[in-house]
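The values are calculated or read from the model by the stated rules, or taken from the named source; none is laboratory data. In this text, all values refer to a predicted model and were calculated from it rather than measured experimentally. Here the Cβ is made from the backbone with ideal geometry for all residues, glycine too, and neighbour counts use every protein chain on show.
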Amino acid sequence: MSKDKNEPNGNESEDKQVMLTPWQKENQKYREMNGNQQGETASHETSEETPEKVPPPAEILDTSQTEKEDSRFENVKKRFKAAIEHNKETLKRPKTPQEKKLIKQLILILSVLGMAMLITIYFISPLSKVDNIVIAGVEKSDPQSIATSSGIRVGGPLWQQYRQRQVIANSVLEENPRLKSVAVSIVDLNRLKVSVEEYPIVAYAKQGDQFFQVIESGKIMQDEPVTEFSEKLPVLRDFKENDSLQEVIKAYNQFDASIQRQIMEIQSLATKKNPFRIKLFMKDGNEVIGLSTTIATKMPYYDKVVAEMDEKGVIDMEAGDSGIFSYPFSLREKEETKNSTENSTD
């Protein structure tokens, strides 16, 4: 019985297959065949592609970025070259009068602005202030006295004080009589240099038991007594700081060096009528009497007159502009004795 029941079921399935139309059957076969081919193709492709190694995505990305950067650099380089060529062509092109005028105006404006900026920077910098005072040319003078009398302020405005250099020079000369000239200049960017020239020492003045330097201006340096002095310079006796002293110095400077070396001492024989009368004591033992205003023209004959004298004596150059005569000391002593006898008799 059970067999009978199962059989109809099998028949039913066969009936169902039989019941398919011919078109349905062909379609079913096509689909089955197509499905099998796709499966084989997929399996075949999988088996062929498995051995190949695909490069990592990261490497592909880096290469593309490098290429982009190289391309960008090349573009910039080309643009730069093009700009240079354009500028060359622009420079070669003749400028129009209007362009030339504009360029000149631009250069002028930039120059003025640049100078104004540099000047402003300079005046706010330490270079515009006096850094130090330099004293040059000093031999006998006191450098500190010169610096003090100049009135220059270290740290003060450089150019403001430099513009007053003549005032500074006059102040230094007034306070330092030994100085002949003073000049103020700028050195080392911001230092003021005070260059001085001193009067030379021309003689020594004897006053009592002391000796003082006499400078070329006729000034006797009474604040600076000396204990040692050069034998090349004469000693002055009985002189004061007046015109007669200046005349003597003037005449002495006109003597030849050979005559100057022979003079040992100069004495003032000034009177109210003749304040310029002097006597020169020579190193060879002779004496010369004359006037400081005319003696410079007569002293060149000194050696010739001495050569004609038989003994030491007095050479009188006082009479006239060219009168010169001499007499021995023995004759002068007789005259002095005679005069003293006559005075005692009276």
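Only one of the numbered conditions (1) within 51 Å of the chain's Cα centre (by Cα); (2) over 17 Å from Ile315 (Cα atoms) is violated by Ile266, and that is (2). Checking the range 267-287 against the condition returns a match, with at least one residue being of a type outside the set (Asp, Glu) and on the phi > 0 side of the Ramachandran plot.
Scanning for something charged (D, E, K, R) and more than 18 Å from Asn176 (Cβ to Cβ), does the range 218-230 turn up at least one residue? Checking the range 218-230: at least one residue is charged (D, E, K, R) and more than 18 Å from Asn176 (Cβ to Cβ). Sub-9 Å Cβ pairs linking a first residue in the range 209-224 that is aromatic (Phe, Trp, Tyr) to a second residue that is surrounded by 16 or more Cβ atoms within 10 Å (Cβ to Cβ) and assigned to a strand (DSSP E or B), at least 6 apart or interchain, are Phe211/Tyr204; Phe211/Ala205; Phe211/Val235; Phe212/Tyr204; Phe212/Ala205; Phe212/Lys206; Phe212/Ile220; Phe212/Met221, ordered by first then second residue. The number of residues in the range 320-346 that are exposed (fewer than 13 other Cβ atoms within 10 Å of the Cβ), at pLDDT 70 or above and not in a helix (DSSP H, G or I) comes to 2.
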